[in-house]
1. How tilted is helix 27-53 with respect to the longest principal axis of the chain? Cα atoms for both, answer in degrees (0 to 90, nearest 10).
2. Comparing Glu190, Glu371, Glu237, which has the greatest mean-square fluctuation in the GNM of the chain with Cα pairs linked when under 10 Å apart?
3. Counting other C-beta atoms within 10 Å, which of Met352, Met171, Met129, Met358 has the fewest, and how do the rest follow?
4. Given Cα pairs under 8 Å that are at least 6 residues apart, what percent is the relative contact order of the stretch 83-179?
5. Of (1) 130, 65, 33; (2) 74, 45, 34; (3) 60, 53, 39, which one was derived for Cα extents along the principal axes in Å from the structure shown?
6. Once R0 is set to 41 Å, what does the formula 1/(1 + (r/R0)^6) return for the Cβ-Cβ distance between Leu397 and Ile95, expressed as a FRET efficiency to the nearest 0.05?
7. Looking at the chain as a GNM with Cα springs under 10 Å, which of Ala384, Ala36, Ala69 has the largest mean-square fluctuation?
8. If I build a Gaussian network model for the chain, linking alpha-carbon pairs within less than 10 angstrom, which residue out of Pro52, Pro181, Pro62 has the largest mean-square fluctuation?
Amino acid sequence: MSGTDFMNHTSVPQRLLFIRLASGITRGNALAYLVAAFFSVGLLAFLSFIQPYALNVILGIPEDQQGRATLLLGVLNELITLLLVGPCGALSDKIGRRPVYALGFVWIGAGFAVIPLSQTFPQLVLTTMFWAVGAAAVGTMLATVLADTPDEKSRGALVGLTGICQGLGVMLSVFLLSKLPQLYELRGLESVAAGRLTYWTATALCLLTALVCFFGLRREPQSSAARHQSLRQLLREGGAAAANRRILLGYLVNFIARADIVVIGTYFSLHITQAALERGFSGADATAQAGIIAGVTQLAALLWAFVFLAFADRINRISVVIAAMALAFIGYTWVGLTPDPLAPVIYAAAIMMGVGEMSAILSGQLLLGHEAPFAIRGSVFGLAGIFGSIGILFANLFGGWLYDVWTKSAPFFVVGACNLLVLGFAVYVRRAERR
């Protein structure tokens with residue numbers, strides 16, 4: 001028996017720092033997951049963040065067409081994800097989380113390798129859709145493995161710690177990877193070559209993370225019921241779980257949390273990049289400036305994850321969702337009401353938006369992880385991913401179109417309103433439980 005197999009067959013519950021792990025999960029498994037969580041969100045966010053560079057520098061798309069180009073890319077990508085996140089979750093219930101997670105990273109790494117080779121917009125669309133196949137697997141496994149890993153009494157603590165790792169991963173994207181085109185240009189590369197090398201750096205990180213997933217995550221024995229059920233059965237059971245109002249609320253929170261991420265990762269960076277270009281910045285310098293401001297957002301999200309870590313297991317799960325939706329509504333609306341994305345006040349609004357973003361992400365993971373039945377947990381999180389994909393489609397369709405034809409603040413107003421609606425449903429669920 002290999003060392004990995006020995007670790008994965010350990011039945012005595014272990015701890016990682018102050019977190020009690022589920023039976024059969026080792027410290028090595030949990031550490032591998034935290035590394036994967038660090039790179040999962042960072043690398044998924046990186047594609048959205050670097051996209052304005054591809055549109056402006058690599059392809060030279062006119063500025064007045066970039067909102068609709070971003071809309072089309074986002075919608076098509078999420079249609080791919082929408083079709084695949086459910087099957088990815090159900091497949092992981094049958095064959096295990098480890099192979100699905102590792103293959104997802106290999107796939108998005110291949111996508112990062114081919115995207116910057118696009119010479120026309122249709123080629124960019126096709127290569128980005130290819131990337132989205134891997135993103136569906138990675139996004140679904142990120143949430144599913146999180147649900148599998150902790151003992152119930154430590155669920156909030158692990159969700160908070162995962163949020164910290166995710167926040168650090170996004171900071172890697174906006175503070176380091178966003179500056180790579182600028183650094184590569186300083187070494188003598190021309191703009192397109194610098195952009196391509198930046199994408200290929202992300203490819204290398206994807207492949208390294210795939211190795212961590214493959215050798216570090218648990219080789220879990222699946223239940224005989226899951227092995228003998230069809231994917232359609234598992235998906236049907238995941239849908240039936242929505243009869244639990246808490247699970248339905250978790251699906252809705254995932255809807256808006258993913259829409260929030262799109263607005264920050266795509267439209268916030270696009271808004272800042274265009275404003276910087278209008279003031280005479282180069283493409284690389286405009287991307288770096290967007291990285292600074294977006295980095296403030298992610299630093300705030302990271303620090304807020306520590307607050308979440310301290311209180312999540314002490315508060316009713318629905319009350320956590322209510323607070324999260326309120327914070328997100330305030331943050332996104334504030335950014336929408338800020339007319340100049342390069343004005344000093346944008347930093348305060350960006351901080352509040354980061355707090356709202358992290359609150360929405362973690363509250364949904366906490367709620368679903370607590371409520372999802374173990375035997376169909378992958379299916380539940382697969383359907384949660386479908387709701388997330390619908391949220392991204394919604395944000396792109398309405399935000400991208402209104403970004404061009406109405407105001408560049410439109411995406412922030414749209415998701416702010418959606419956060420308010422989910423807040424209303426959460427209050428309803430909480431009052432119904434009290435009755």
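1. For 27-53 against the chain, the angle is about 20 degrees.
2. Per the Cα network of the chain with a 10 Å cutoff, Glu190 tops the list.
3. Details: Met352 19, Met171 22, Met129 16, Met358 31.
So the ranking, lowest neighbour count to highest, is Met129, Met352, Met171, Met358.
4. 31
5. Derived directly from the coordinates: (3).
6. Numbers: r = 34 Å, r/R0 = 0.83.
Approximately 0.75, to the nearest 0.05.
7. Top of the fluctuation ranking is Ala69.
8. Of Pro52, Pro181, Pro62, the Gaussian network model singles out Pro62 as fluctuating most.
Laboratory data are not the source of any read-out in this text; all were calculated from the coordinates shown. Bear in mind that the values here come from a model prediction, so they are computed numbers and not experimental data. Using ideal geometry, Cβ is built from the backbone for each residue, glycine included, and neighbour counts are taken over all protein chains shown.
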